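Inspection log for the structure reproduced underneath, given as structure tokens.
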Amino acid sequence: MASPRVFSGIQPTADSFHLGNYLGAVRQYVAMQEGNDAFYCVVDLHAITVDYRPEALRRRSRIAAAQLFAAGLDPERSTVFVQSHVREHSELAWVLICLTGMGEAARMTQFKDKSARYGEASASVGLFTYPILQAADILLYQADAVPVGADQKQHLELTRDLAQRFNHRFGETFTLPRPHIVKEVEKITDLQDPTAKMSKSSSSPGGILDVLEQPGPLRKKVMRAVTDTGTEVLADDENKPGVTNLLRIQSALTGTPIPELEARYAGQGYGAFKKDVAEVVVETFTPIRERTEKLLADETELDRMLAVGAARARAVAAETMATVRDRVGFLPAS
Ligand code: TRP
């Protein structure tokens, strides 16, 4: 039997991934290339749904791809590519847009949040249809599992609804995908505001740990992370959100269960604990940063790796799209 198909997308909207991206997505991608037929996509079409600069997008798309390879995605095993290189994404998105109700799209909470940020009237229609493009990404590859953060649950539900609707109306065409959400890392929060998610759009620079950051600033940020009153290193979301966040980070990066960490730091206070968290973060990020820098130093080679990925992705996407074209009643283009 063929291995399960995995698909995920990650936005090239920053000059580095941060710890939340790393734990919630990138590290999962690497784990899931084992035993699966995995497709990972730098979603530049999604990145243009909000205000952006072309030069920054070009740079960030390469940086995103380089970090994926640097974090351990093996181009022999995984298909890593850039969304705009495979035209079928836009093409299927249009068909699915025509199957989506206005009300259904308007219920997407991420759109509501993001459009509120931009002012509802000036948010683009592209931002409104963003989740439908995401559905097209996933369905084109007949994905069984989609590693995503918890905030993407609603988009995955829409994807399943659209797949079912299409299959019902036009005949079995799409695999119904399921989200693969890793519980332990759902709640990595801002170091300066430990009740808010670590996020490139809302965290202050001091609140966010970037994969490509130098050891000095990484250490400083962890040492300056907001902790809570008291001195005990204990997980307690309610009363100690700052310490709890750091415990989650250390546990996720070392594989040590939180109770074991609590026992280790009993009676030691916050200082020694934070120092260790900082070291683990630096040890994790440094090799990835160094490999990323190397990959970015040779753009020709990086672009060639992405061309290989695009060719493999296109072969799958074209097959799905040929079926879709026929099923929905488009004439053969021969
Ligand atoms: N919306 C996703 C996010 O912000 C990114 C994304 C785009 C995606 N297309 C996808 C994730 C397809 C999974 C599958 O995280």
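All told, Ala106 falls short of being of a type in the set (A, V, I, L, M), surrounded by 13 or more Cβ atoms within 10 Å (Cβ to Cβ) and more than 15 Å from the ligand (Cβ to nearest atom).
Of the residues making up the stretch 316-334, those that are part of a helix (DSSP H, G or I) and either farther than 24 Å from Arg58 by Cα or in contact with a Pro (Cβ under 9 Å, 6 or more places away or on another chain) (or both) are Val316, Ala318, Glu319, Thr320, Met321, Ala322, Thr323, Val324, Arg325, Asp326, Arg327, Val328.
Yes/no per residue for (1) touching a residue at least 12 places away in the same chain (Cβ under 8 Å); (2) touching a helix residue (DSSP H, G or I) at 6+ places or on another chain (Cβ under 8 Å); (3) buried (at least 20 other Cβ atoms within 10 Å of the Cβ); (4) not in a helix (DSSP H, G or I):
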| residue | (1), (2), (3), (4) |
| --- | --- |
| Ala163 | yes, yes, yes, no |
| Asn167 | no, no, no, no |
| Leu191 | yes, yes, yes, yes |
| Ser201 | yes, yes, no, yes |
| Gly206 | yes, yes, no, no |
| Leu218 | yes, yes, yes, no |
| Lys221 | yes, yes, yes, no |
| Thr227 | yes, yes, yes, yes |
| Thr231 | yes, yes, no, yes |
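Residues that are within 13 Å of the ligand (Cβ to nearest atom) and of a type in the set (Val, Ile, Thr) do not occur anywhere in the stretch 210-229. Can you give me the number of residues within the stretch 141-160 that are part of a helix (DSSP H, G or I), more than 11 Å from Leu96 (Cα to Cα) and either within 12 Å of the ligand (Cβ to nearest atom) or in contact with a helix residue (DSSP H, G or I) (Cβ under 9 Å, 6 or more places away or on another chain) (or both)? Final tally of qualifying residues: 8. Quick check, is Ile288 within 20 Å of Val185 (Cβ to Cβ), surrounded by 15 or more Cβ atoms within 10 Å (Cβ to Cβ) and touching a Ser or Thr at 6+ places or on another chain (Cβ under 6 Å)? Answer is no for this residue.
Among the numbered conditions (1) among the β-branched types (Val, Ile, Thr); (2) more than 13 Å from the ligand (Cβ to nearest atom); (3) part of a helix (DSSP H, G or I); (4) within 17 Å of the chain's Cα centre (by Cα), the only one that Ile132 does not meet is (2).
Residue count for the stretch 119-129, restricted to those that are assigned to a helix (DSSP H, G or I) and more than 16 Å from the ligand (Cβ to nearest atom): 4. Within the stretch 24-42, the set of residues being within 13 Å of the ligand (Cβ to nearest atom) and outside any strand (DSSP E or B) comprises Gly24, Ala25, Val26, Gln28, Tyr29, Met32.
Filtering the stretch 43-72 to residues that are crowded, with 18+ Cβ neighbours inside 10 Å, within 15 Å of the ligand (Cβ to nearest atom) and either among the aromatic types (Phe, Trp, Tyr) or not in a helix (DSSP H, G or I) (or both) leaves Val43, Thr49, Val50. Evaluating Leu19 against the criteria (1) within 14 Å of the ligand (Cβ to nearest atom); (2) in contact with a Leu (Cβ under 8 Å, 6 or more places away or on another chain) leaves one unmet condition, (1).
Applying the set (1) touching a strand residue (DSSP E or B) at 6+ places or on another chain (Cβ under 8 Å); (2) within 12 Å of the ligand (Cβ to nearest atom); (3) among the aromatic types (Phe, Trp, Tyr) to Phe81 leaves exactly one unmet item: (2). Regarding Val80, is this residue surrounded by 18 or more Cβ atoms within 10 Å (Cβ to Cβ) and part of a helix (DSSP H, G or I)? When the stated conditions are applied, Val80 does not pass them. In the set Val86, Val6, only one residue is within 14 Å of the ligand (Cβ to nearest atom), crowded, with 21+ Cβ neighbours inside 10 Å and under 14 Å from the mean Cα position of the chain (by Cα); that residue is Val6.
Each value in this text was obtained by applying a stated rule to the coordinates, not by laboratory testing. Just so we're clear, the structure is a prediction, and the values are computed from it rather than from any experiment. Note: ideal-geometry Cβ built from the backbone for every residue, glycine included; neighbour counts use all protein chains shown.
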